[in-house]
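We did not get these values from a lab; they are worked out from the coordinates using the rules stated. This one's a predicted model, so the numbers in the text were calculated from it and none came from an experiment. So basically every Cβ, Gly included, is an ideal-geometry build from the backbone, and we count neighbours across all protein chains shown.
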């Protein structure tokens, strides 16, 4: 950094560090939002093959109740029930 005094150098480094931190936080927020967005029941009704595949995935291990209770699994099952009047 040419011709900067000690305070100016510290300020420049501080601003660069804050900018980098903000960029990292923005990327993490974007990734978290895209990974947390689950498909809706309406989406699964319109994409019934995907609903069947998701339901098969969710029911593959009957002991995995946590997976079965995720919004995607519930939405896929509800879409199949709505589309085909399938009982649980």
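Can you tell me which of 46-58, 7-19, 71-83 comes out highest on packing, and rank the rest after it, using the mean Cβ neighbours within 10 Å?
71-83, 46-58, 7-19
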If you take the beta carbon distance between residue 83 and residue 60 as r and set R0 to 25 Å, what does 1/(1 + (r/R0)^6) give as a FRET efficiency, to the nearest 0.05? 0.75
